[in-house]
1. Quick check: is even one residue across segment C:157-164 in the same structural domain as residue C:68 (by TED's automatic domain parsing) and within 22 Å of the chain's Cα centre (by Cα)?
2. For segment A:83-116, how many residues meet the condition of being in contact with a strand residue (DSSP E or B) (Cβ under 6 Å, 6 or more places away or on another chain) and more than 9 Å from chain B (Cβ to nearest Cβ)?
3. If you take the residues in segment B:196-214 that are facing chain A (nearest Cβ under 9 Å) and surrounded by fewer than 18 Cβ atoms within 10 Å (Cβ to Cβ), which one is nearest to residue A:102 (Cα to Cα)?
4. Suppose we keep only residues that are free of Cβ contacts under 8 Å to residues at least 24 places away in the same chain and surrounded by fewer than 19 Cβ atoms within 10 Å (Cβ to Cβ) within segment B:250-279. Which one would you say is nearest to the chain's Cα centre (by Cα)?
5. Can you tell me which of A:151, A:155 is under 25 Å from the mean Cα position of the chain (by Cα) and assigned by TED's automatic domain parsing to the domain that holds residue A:80?
6. Considering only strands (runs of 3 or more DSSP E) fully contained in segment A:14-72, which possess at least 2 residues that are at pLDDT 90 or above and more than 26 Å from residue A:198 (Cα to Cα)?
7. Do you know which residues across segment C:163-211 are closer than 28 Å to residue C:121 by Cβ, outside any helix (DSSP H, G or I) and within 11 Å of chain B (Cβ to nearest Cβ)?
8. For segment C:174-192, check the following and say yes or no: at least one residue is in the same structural domain as residue C:121 (by TED's automatic domain parsing) and farther than 21 Å from residue C:85 by Cα.
């Protein structure tokens, strides 16, 4: 029931003169947890609202399962949404909040009126609604809160109520708009686990909007990274991390950010990084090389670098080093056993198979590795 | 800095803050005594005497003035007129304003225009506008009756027919209060988070009526309460239109106008003081709950 | 249709709301002979604005009424601000004995309409021979409990740290109140000023009680006087007078719509 695929075909949207979404194609599989990630203003929330039906696309269509729902009202799409602000009805108790989607769908307008409704609504239906509400509350462990008002709840509890309201009526898919961003760091990590568990348990389709790459990386089956109204890359978290399709993706994913160094491939395709020749072959021209902090190695030869700062993060140390060549800095990650100090001189080696090459247009450039060449 | 260095400063600050606060509030306190407290005491005193302004002798009459008030046909009529006026003005002035606010709120480009148009009567000097209304509603010279006769009806003597006097005053009262209430409702509507309306749509509130009943109306609760209270208080204070248009003729006195006549035209100070206390009691009943809630505003 | 309908309804309503203003202006530029012409056609056959406005201004001292209005409203506003700001500051930021009592009095006084105090104040002014003075017109309004309440709300959000830093820097408490804290509440001050001026410019009740000398009458009383004198005789001049009386507030409103609405609906923060 809660497993419908969602397809977007050629969706575009502008607000006035601003293009917010440009020709988006996206297929979300049944039961998939897909994250839309990007900086604020990249169009991810608009895209979610278009799927929800709260916003109409200028062009393109939205499919739920096989049905084209582009022209349908949000209430007819059978989707549930969790808002960043939770959007709980402040004047209703938690119980009434969770019951609202059911009452709206099952009861007629007169039966929903405050006093008259009690006389008009069939008792069996009301009992069923009650049972469903209790079940949803149990799932999220908020049974003891059912008679409170949202104003009396903590952020985490409101979050659970919002989730309960979403799952009370087996929707075709769950849409979540930055649902964890109003929680403190510790609770956020906890709710991340719970959301992932909930997804596994329900087997439902989740579309999850976030600006936080950690949330996306830890929970998603697939991630669609959006930049300036386009999907820059769609793939598994590993794909995005290990094989970023563009320089922008490489920059966005990963913390600390990837190190970027100027490079060049000569006429024969031999790549020189920051003046150091390597065993990498690529198409001739200027390049940017990306190397993750954990992939940089230290040794007896390679790029000379001076340690500027050492940050200890328990198991890891992050070293910020200055490259004398162009005064840029790189970050490298070392185990806690290493004992570097500020001012130490290091030699940095870039393992060729770990280097990500990008052309001047920002696109990934395929690379080959020859036999090892003397540095 | 050590604790020792800070300690001497603490009592000193307490010591200077004490008289300083009193100096700051002194002018306000003196004015409060002169304008509010003393007059209320004097008013209460007057109300149990037969004092007339300028009279040399006066006597205590106990609650006689209050008993007289409720046997005074003029005052009872004024009370009834004011109640009728309030009954006409409050529901129309509140719910019409809500309707206008709902319509205005949806207009993105023309909102300022409509706001201005509906708010203009609030800023206009009512005494002058009442004169304009008198002319507008004139049985032979005014365009309103011209329109009525053009539509095939007999001209209506809005300010001649005694039965129509209070409804006519109420019409002008509604005209004046609509813009004010509209702006209050607009403020209330703007405070409703858009997410809630979106959530209601996702939850299946398909029609605007459904969304209004699920979100807008309950969220407007405090605003509506406030608008009703302010509208009722201003309805019970209706005076300008009476003073300009009817001067209380044909039994059209309102509470405040009757009070004005007794106190300042006829100089029945003691009796007028009793009427004033009755008027004050009505206004207090209407406003006290609202005012007490002001400090801890209703927040869900 | 769904797009046009709201505009249509609003337009119709707005036309009704504005009809009195339109009729006022139209009649004020028409010749007295056109009085029987009930058409709404905007161009008069005989343009008589000069004559009508001239007559209104010569029958009664219109300019004098305006000046009186400015004096009374200005005087009231200045004293209100001078007394309310320090009191509000003390209530918001200082500790002193009787603070809670004073706050309770302020809130209680908010419920009491001016009309309820008129009788004893009138008797007091009559006994001291102060009727028919500017002072009598302004006196009951010198203390605005609403201003105290409003400024206190606004001052309370001013950070205590800045006040403490200012004390350390040697500012006097008066300087802190007027130069720092009030500076942070200028929108409230502006809105209250609008509220106060509009309320007293348009007030009729109190001037009617204490003023019988037309030389110090404020605009509404002047208008009442004028309409009694002129009643029925010359609608053109009467409407010209009404237009002159209403013009200042309406012009201010059209020029500063936002702060005007904020000011008049200040009561909405209650």
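1. No, segment C:157-164 has no match at all.
2. Residues that pass the stated criteria total 0.
3. Here the residue is B:206.
4. B:261
5. When all the criteria are applied, what remains is A:155.
6. Result: A:18-28, A:59-64.
7. C:202, C:203, C:204
8. no
The values are calculated or read from the model by the stated rules, or taken from the named source; none is laboratory data. These numbers come from a predicted model, not from an experiment. Counting neighbours? That spans all protein chains shown, and the Cβs are built from the backbone with ideal geometry, glycine included.
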